[in-house]
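Heads up, the thing below is written out as structure tokens.
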Amino acid sequence: MADEVTIDPWSAAQSTDYSRIIEQFGLSRVDLSTIPDPHMHHRRGIIFAHRDLELVLDAHRLGEPFGVLTGLMPSGRMHLGHKMVIDQVKWFQEHGADVSIAIADLEAHATRGRTLAECRRVALEEYVANYAALGLDVERTSIYFQSGRPIVQRLGFTLGRRTNLSEFEAIYGFGGETNLAHVQAPLVQVGDIIHPQLDEYGGLRPIVVPVGVDQDPHLRLTRGLARKTNWFNVNSRKEGGLVIGLSVQDDNRAALGVAADGSVDMTVRDAVFDRLTGSLAELGFSDWDANPAHGTLEVPGATASDRNGIRMSLLRLERESGGLGLLQPSSTYHQFAIGMTGDKMSSSEPDTTIFLTDDVESMERKVNASFSGGQPTLEEHRRLGGNPDVDVAFQYLRYFFEPDDAVLAEAEAGYRSGEILTGQMKRMCIDRAAAWLTELAERRDETAHLVDDFLAPDAKS
Ligand code: TRP
């Protein structure tokens, strides 16, 4: 279709038609009323969409474990865009999540030509040093390198069996000329996203991946692959209630009671159904309609809100029976702040963003030179008002530097009415940003000794 949006995680150009993205890729909108103690990015609609976030919020409410995983490519200096992900990680951490962060050195090597040694140096100096300064809790954060965690790559292989080049072409636009290291990178990312739920890395629990919407293709791929491995699926029943079905695959045929000749081995199958109904009974259900020969189990009394609990217990059962028992990851998506020149933020274009290690003078120069939503003349500005929606100084206050919603709303209204001038808006942004950068630099010095403690054992040199 001509008006389809494409999302290319490696491209500098990014669609900002967020409503269309939600619709086309089947994202859910964030419902602010369900978010406990929302972050300013939630309150301001900047974190605008998610997949299966309820799973994570339920775990939080019930005091059950959940994790967050994200990753960053160590391919340049850390800037404000990268910080947004860490803000979200920190918010989840403050609400009880354990945190894993992938340093995507294999991806940077594959797609940006960096050596692994360069990646390591940049990751520690630019990224981890800032994570520490931004206040991630060293006790509950574990940072690893893709190249240093073989299970991540192995999962990429295991799950890679369930996809093919056509799917990669559809999701990523890969073609005959695509470098094969580049083809592997998404599978490594699948491994990143899935592995925290393995028993050695914390076990089955919801894992949420906070990212920019440019990363959604990886989430779609990962969720699809996880689902394809599941032995039991749960669907809505036409007459109401839910129906559990067996998904017979090459590697679970025997366990699910399918004999070599394709016939159903009823002894094995009945035992599987005993375990299934046992799980349901544990969840408090007593009414079901089992059809073992057919491989279906109907639960008329189950409602949509029972679904997640049932799914989790089926995944546990699958693991006990020898399957992977993989839960589809959850995700949240944030919108992108505009680059300071009006283009997209990019590490390779220093004037498009503020780096976390910028000094106050460079920041000030960039804000002063930044794209403004003001009118060409003072007279016109007073009469017509400015446009905060495209004004970099205002938007950077909104995304990064002004935590107080009331102050922000006042600045916005004042700018729109023409009462606040462009120079004043820039001044306000510079003042807030200067205080923030200065404090961050101090915190970096204070926390420098922690950098090594953030690294997982397999990431230490
Ligand atoms: N691809 C991401 C980027 O370009 C980095 C990344 C690697 C990642 N593994 C991940 C992000 C897992 C989220 C989850 O920045």
**Request:** Could you estimate the translational diffusion coefficient of the range 231-320 from the Stokes-Einstein equation, with Rh from the Kirkwood formula over C-alpha pairs, at 10 °C and 1.306 mPa s, in whole µm²/s?
**Result:** 120 µm²/s
**Fill in**
Phi angles of the range 108-125, converted by Karplus (6.51 cos²θ - 1.76 cosθ + 1.60, θ = phi - 60°) into ³J(HN,Hα) in whole Hz with x for Gly and Pro, give 5, 5, 5, 9, 10, x, 7, 6, 5, 5, 4, 4, 5, 4, 4, 4, 6, 6
**Item:** 222 nm mean residue ellipticity, helices alone, for the chain (DSSP H n ≥ 4; -39,500 (n - 2.57); rounded to 500)
**Value:** -13000 deg cm²/dmol
**Request:** Could you tally up the Lys pairs in the chain with alpha carbons closer than 26 Å? Skip any pair fewer than 8 positions apart unless they're on separate chains.
**Result:** 10
**Item:** Whether the range 11-71 is rounded, prolate or oblate, judged on the alpha carbon gyration tensor where a/c under 1.5 counts as rounded
**Value:** prolate
**Mean-position separation - Cα centroids, the range 442-461 and the range 61-120, in angstrom** = 15 Å
**Asked** Once phi is turned into θ = phi - 60°, what whole-Hz ³J(HN,Hα) does the Karplus curve with 6.51, -1.76 and 1.60 give for every residue of the range 276-288, x standing for Gly and Pro?
**Response** 4, 5, x, 4, 5, 4, 4, 7, x, 8, 9, 10, 8
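Keeping the other protein chains in place, figure out the carbon and sulfur percent of the accessible area of the range 231-320, with a 1.4 Å probe.
48 percent
Kindly sort Lys90, Lys238 by accessible area of their heavy atoms, largest first, with the probe set to 1.4 Å.
Lys238, Lys90
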**Request:** First compute the accessible area of the range 350-450 with a 1.4 Å probe, then give the percent of it belonging to carbon and sulfur atoms.
**Result:** 53 percent
**Prompt:** Per residue, how much accessible area does the chain show when a 1.4 Å probe rolls over the protein heavy atoms, in square angstrom?
**Reply:** 44 Å²
**Message:** Give me the percent of accessible area attributable to carbon and sulfur for the range 1-145, probe 1.4 angstrom.
**Reply:** 49 percent
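Once you charge only the Cβ atoms, +1 for Lys and Arg and -1 for Asp and Glu, what is the size of the charge dipole of the chain about its Cα centre, to the nearest 20 debye?
Details: 45 positive and 68 negative charges, 105 e Å.
Computed charge dipole of the chain: roughly 500 debye.
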**Request:** Could you point to the residue in Gly67, Val122, Ser330 farthest towards the positive end of the chain's charge dipole, with +1 and -1 charges on the Cβ of Lys/Arg and Asp/Glu respectively?
**Result:** Ser330
**Message:** Based on Cα coordinates alone, diagonalise the gyration tensor for the range 350-450, multiply each eigenvalue by 5, take square roots, and list the semi-axes in whole Å, largest first.
**Reply:** 29, 14, 9
**Rg to Rh, two decimals, where the chain supplies the alpha carbon set and Rh follows Kirkwood** = 1.02
**Message:** Whole-Hz ³J(HN,Hα) for each residue in the range 18-31, computed from phi via Karplus 6.51 cos²θ - 1.76 cosθ + 1.60 with θ = phi - 60°, x for glycine and proline: what do you get?
**Reply:** 5, 5, 5, 4, 4, 5, 5, 9, x, 7, 9, 6, 6, 9
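For the range 231-320, give the magnitude of the charge dipole about the Cα centre (Cβ charges: +1 Lys/Arg, -1 Asp/Glu; no others), in debye to the nearest 20.
280 debye
The values are calculated or read from the model by the stated rules, or taken from the named source; none is laboratory data. No experiment lies behind these values; they were computed from the predicted model shown. Heads up, the Cβs are rebuilt from the backbone with ideal geometry, glycines too, and the neighbour counts pull from every protein chain shown. Side chains are part of the model used for accessible areas, which takes the heavy atoms of the whole protein and leaves out ligands, DNA and RNA. Shrake-Rupley method; radii C 1.70, N 1.55, O 1.52, S 1.80 Å.
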